[in-house]
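S.K.: Below is the structure I would like to discuss, written out as structure tokens.
The values are calculated or read from the model by the stated rules, or taken from the named source; none is laboratory data. Given the structure is predicted, the values throughout are model-derived calculations rather than measurements. Reconstructed Cβ throughout: ideal geometry from the backbone, glycine too, with neighbour counts over all protein chains shown. What goes into the accessible areas is simple: the full protein's heavy atoms, side chains included, and nothing from ligands, DNA or RNA. Shrake-Rupley method; radii C 1.70, N 1.55, O 1.52, S 1.80 Å.
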Amino acid sequence: MKRHNRAALAVAALALVIPVSGCASLLSPHQTAEYHYNAGDGAWGSVGDVEVRGLMLIMDESGKGPAQLFFTLINKGDSTAKVSLDVGGKTTTESVKAGETFVQDPESSASTSSKPVIVDSLKAKPGDLADVTVKVGSDEKTIRTQVLSNSLPYYEEYVPTEKPSESPSEDASQPGEDASQSGEQGESATGING
């Protein structure tokens, strides 16, 4: 072979090897980012020794009315953790023993609490992200979470209803009026039949 042909083959081989070796280095563990996929709805985060999972709010699709807060707390520490979550001016605090899990979902069989956490003054609508401040001891973190609605059928049972008004409405009749009216009707019925 001529020297020119050998040189051309060497250059061609080098031209093939360099891009291939460059691609291989992009696939090495030193070059790729570590990404954890969190399946399911809701946000995840870690605050101190506590992992927060499935953090989300569900409200009516109109965006009016209260929202219900859902979350799971997993204490990976060696001692009981006092965890507080604050969203929309509503604060809820739970104690989670070392190595245990707390589930806030009254409809779930795995739930630790049978009472819902209702946020009355949430300044977000379905589709927005809401800030939830999570504190564990001196550690604090704000986790942005989804505000979901009953536009998805499997969330319909989780939408909280408006709290009943403590003051009577104008349409409500007084108890004394009802009794006197029913008494009058009773007397007239007795008079007709008697």
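S.K.: Rounded if a/c is under 1.5, else prolate if a/b beats b/c, else oblate: with a ≥ b ≥ c from the C-alpha gyration tensor eigenvalues square-rooted, which is the range 77-167? Intermediate values should be presented prior to the final figure.
M.R.: Details: a/c = 1.76, a/b = 1.49, b/c = 1.18.
Judged from the Cα gyration tensor, the range 77-167 comes out prolate (a/c at least 1.5, a/b above b/c).
S.K.: Follow-up. Would you mind checking 76/125; 97/123; 76/141; 82/115 for any pair whose Cα atoms are more than 26 angstrom apart?
M.R.: Working: 76/125 33 Å; 97/123 32 Å; 76/141 17 Å; 82/115 18 Å.
With Cα atoms farther than 26 Å apart: 76/125; 97/123.
S.K.: Next question. List the trypsin sites (Lys or Arg not before Pro) within the range 69-166 that fall in a DSSP loop (any state other than H, G, I, E or B) and whose Cβ has at most 15 other Cβ atoms within 10 Å.
M.R.: Details: sites: 76, 82, 90, 97, 123, 135, 141, 144; in loops: 76, 97, 123.
Taking the range 69-166 and a limit of 15 other Cβ atoms within 10 Å, the loop trypsin sites (Lys or Arg not before Pro) found are 76, 97, 123.
S.K.: Hey, rough spin-label estimate for residue 108 and residue 84, points 7 angstrom out along Cα→Cβ, what's it come to in nanometres?
M.R.: A separation of 2.4 nm, rounded to one decimal place.
S.K.: Here's something else I'd like to know. Probe 1.4 Å, all protein chains in place: accessible area of residue 152 in Å², nearest 10?
M.R.: Rounded to the nearest 10, the figure is 70 Å².
S.K.: Tell me the relative contact order for the range 41-133 as a rounded percent, counting alpha carbon contacts under 8 Å between residues six or more apart.
M.R.: Details: 199 pairs, mean separation 24.6, N = 93.
Contact order relative to length: 26 percent.
S.K.: Check residue 100: other-chain or 5+ apart residues with amide H under 5 Å from its amide H, H built from backbone geometry?
M.R.: Amide H neighbours of residue 100: 75.
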